[in-house]
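Note sheet for the following structure.
Throughout, read-outs are computed from the coordinates displayed, never taken from laboratory work. A quick note: this is a predicted structure, and the numbers were derived from the prediction, not measured. Neighbour counts run over all protein chains shown; Cβ positions are idealised from the backbone, glycine included.
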Amino acid sequence: MEESWIILNSEEDIISQQFNSENQIEDWPWNFTGIQILDHLREQLSEEEQAFIDGFECRVLQPGKKWQTGKIRIHVEFCPDDPTEPDSPLDEIRKMDR
């Protein structure tokens, strides 16, 4: 099954460490937000490296498109163990066929 990553709302979504995980982050609270992760990274990085969090100007070339100017930055993503399928407008029609 293909992994499905979701971009988290860094200000509102709460991240909770798993109590039974082998990958617990010591000296971190059990619950935190993406902003707290990014702020922690910002403290650890040099001023030049912080541009990856705050964003830096660049150009991007995507297949079939022209060069586009803008900014790029790091964000927090989540990959659920059991991703839910998005609701399809066709689901009701499929149910009627049964």
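The label point for Glu49 and the one for Gln36, both projected 7 Å from the Cα toward the Cβ, are 2.2 nm apart. When each of the peptides 5-12, 40-47 is scored by the mean number of other C-beta atoms lying within 10 Å of its residues, the order from highest to lowest reads 5-12, 40-47. Label-to-label distance, Arg59 versus Ile74, with points set 7 angstrom from Cα along the beta-carbon direction: 2.7 nm.
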